[in-house]
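The values are calculated or read from the model by the stated rules, or taken from the named source; none is laboratory data. Here the structure is a predicted model, which is why all the values come from computation and not from measurement. Cβ: placed from backbone, ideal geometry, glycine included. Neighbour counts: every protein chain shown.
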Amino acid sequence: MSNLSPRRAAILSFIRERVMGHGQPPTLAEIAAACGLATRASARKHVLALAQAGLVEVAAGQARGIRPAGLPPRLGLMQVPVLGRVAAGAPIGADAGLADTLTLDGRLFSTAPDYLLRVQGDSMIEDGILDGDLVGVKRTPEAHDGQVVVARLDGELTIKRLSRAAGQLRLLPRNPAYAPIVVRAGQDFAVEGVFCGLVRQE
């Protein structure tokens with residue numbers, strides 16, 4: 001970076017910080033605002049110069065398609081799709097459509113997630129899962145007693161702690177304001193996946 005102007009060095013640093021710190025590349029508008037540029041066009045000019053120098057990669061047609069070039073494999077970056085919402089409260093219907101894709105450091109998760117869901121509600125706050133968080137989910141139909149799971153109950157999704165105690169299947173909130181959900185015989189119930197970490201976007 002020794003041959004870069006101070007402004008382009010600052011832009012490159014900002015792009016790297018946003019990808020590594022927030023899991024999402026910045027838009028041209030965000031680069032312009034953060035780096036004191038008057039317009040998106042000015043930001044684009046600097047980004048294209050960084051791309052010609054081999055320092056960033058630009059994916060055509062994507063608002064968030066600006067990424068640092070040549071990130072070393074040891075950083076364990078992964079692309080994870082964001083799919084709809086999950087309730088931390090009463091179950092809500094799930095929108096399974098692709099909402100976004102984030103580039104994340106694999107070290108954020110205990111196991112590599114297959115997808116992310118945005119939490120709606122506050123029933124899991126004692127487990128550190130807050131309204132608006134993106135939870136990483138490893139797709140599996142099986143879970144152990146005590147694991148935090150994303151479950152489908154009568155066609156709706158919820159995130160809760162699984163309990164199989166005393167022969168009864170329950171979904172336990174981690175907020176005393178909410179009652180456990182008892183899964184009754186005949187209900188359409190399935191474990192969709194297990195919780196493996198979260199991303200909190202400021």
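To keep it simple, each residue is scored yes or no on (1) of a type outside the set (S, T, N, Q); (2) at pLDDT 90 or above; (3) within 30 Å of Pro25 (Cβ to Cβ); (4) not in a strand (DSSP E or B).
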{"residue": "Thr103", "(1), (2), (3), (4)": "no, no, yes, no"}
{"residue": "Val119", "(1), (2), (3), (4)": "yes, yes, yes, no"}
{"residue": "Arg174", "(1), (2), (3), (4)": "yes, yes, no, yes"}
{"residue": "Glu202", "(1), (2), (3), (4)": "yes, no, yes, yes"}
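Any idea which residue in region 128-162 is surrounded by the most Cβ atoms within 10 Å (Cβ to Cβ), counting only those that are of a type in the set (Gly, Ala, Ser) and either on the phi > 0 side of the Ramachandran plot or part of a loop (DSSP other than H, G, I, E, B) (or both)?
Filtering region 128-162 down to residues of a type in the set (Gly, Ala, Ser) leaves 128, 132, 136, 143, 146, 151, 155.
Then drop every residue that is not either on the phi > 0 side of the Ramachandran plot or part of a loop (DSSP other than H, G, I, E, B) (or both), which leaves 128, 132, 143, 146, 155.
Details: Gly128: 10, Gly132: 11, Ala143: 20, Gly146: 12, Gly155: 9.
This residue is Ala143.
Might you let me know whether region 49-61 holds any residue that is hydrophobic (A, V, I, L, M, F, W, C), loosely packed, with under 14 Cβ neighbours inside 10 Å, at pLDDT below 85 and out of contact with any strand residue (DSSP E or B) (no Cβ under 6 Å at 6 or more places or on another chain)? Checked region 49-61: at least one residue is hydrophobic (A, V, I, L, M, F, W, C), loosely packed, with under 14 Cβ neighbours inside 10 Å, at pLDDT below 85 and out of contact with any strand residue (DSSP E or B) (no Cβ under 6 Å at 6 or more places or on another chain). Among the residues examined, Leu83 qualifies as within 13 Å of the chain's Cα centre (by Cα) and over 15 Å from Arg200 (Cα atoms). Residues in region 176-187 that are in contact with a strand residue (DSSP E or B) (Cβ under 7 Å, 6 or more places away or on another chain) and not in a strand (DSSP E or B): Pro180, Val183, Gln187.
Can you pull out the residues in region 79-98 that are under 19 Å from Gly197 (Cα atoms), aliphatic (A, V, I, L, M) and at pLDDT below 80?
Taking region 79-98 and keeping what is under 19 Å from Gly197 (Cα atoms), we get 79-89.
Cutting the leftovers down to aliphatic (A, V, I, L, M) gives us 80, 82-83, 86-88.
Across region 79-98, the qualifying residue is only Ala88.
Residues in region 35-54 that are touching a helix residue (DSSP H, G or I) at 6+ places or on another chain (Cβ under 9 Å), under 13 Å from Ala9 (Cα atoms) and among the aliphatic types (A, V, I, L, M): Ala43, Val47, Ala49, Leu50, Ala53.
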